[in-house]
């Protein structure tokens, strides 16, 4: 029996990385079906197009192959997916009524589950597990940002709490990756060396990306929410003064 090849292929070496585009028939079919679904249900076509395009790029571009070699690339892929693509798609879809804090808890559980050693390693052994990771993580992120969007006007306090919990749990995970002296993912013991980086340094880089990059994106979200609340409060004061 031939050894299993992960969905994004074997870990690339640096000189071949930019040739490693993933044009898999099942992936193309899935992206096409997703585009068709968005065409039917999206209420904001521009946000839907941007969110879909970014999602497609994350799995078709060489970043997919890079994530086979570098844990830091996988973390970067996931952060873009859950903190940029997912909010765009949440904006494109009808506004639901979902409880923000419980949904934030579900997202945290899913996000942590797929980044700890056992489940993460399983995604490199099975296409089914690989796609289970991405679909559940992406789906939970879309639900999170949809719940935030749906509660903005009525319960801003719960929105702030949900966003704070999300930022806090991602910061905690990033700190654990940064300070750990143990390598979490044995798959990367040899895959990082062609890039001139040790597995531990790659893991620390992943933590730094999650902390700095993810933190910066979350700060933008928090700043946007704060501006919305302040503007809404000012509008209420102006209305009352009339």
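Angle of helix 71-80 to the longest C-alpha principal axis of the chain, folded into 0 to 90 degrees and rounded to 10: 30°.
Taking the inverse of the mean 1/r over every pair of distinct Cα atoms in region 159-203 gives a Kirkwood hydrodynamic radius of 12.1 Å.
Each Cα pair under 8 Å and six or more residues apart adds its separation to the average, and for the chain the resulting relative contact order is 22 percent. State the Cα centre-to-centre distance between region 153-182 and region 29-57 in whole Å. A separation of 28 Å, based on Cα centres.
Classify region 64-112 as rounded, prolate or oblate from the Cα gyration tensor: take a ≥ b ≥ c as the square roots of its eigenvalues, call it rounded if a/c is under 1.5, otherwise prolate when a/b beats b/c and oblate if not. Oblate, because a/c is 1.5 or more while a/b does not exceed b/c. Applying the Kirkwood pairwise sum to the alpha-carbon positions of region 121-221 produces a hydrodynamic radius of 15.7 angstrom.
Taking the average, over residues, of other Cβ atoms within 10 Å as the packing measure, peptides 11-19, 98-106 rank 98-106, 11-19 from highest down. Report note on the peptides 152-159, 197-204: ranked by the mean count of other C-beta atoms within 10 Å, highest first, their order is 197-204, 152-159. Between residue 160 and residue 60, full extension at 0.36 nm per residue minus the direct alpha carbon distance yields a gain of 32.6 nm. Against the chain, whose longest principal axis comes from its Cα atoms, helix 45-60 is set at around 20 degrees.
Values in this text are rule-based calculations from the coordinates and carry no lab data. Not measured: the values here are computed from a predicted model. Positions of Cβ are generated from backbone atoms using ideal geometry, with glycine treated the same way; all protein chains shown enter the neighbour counts.
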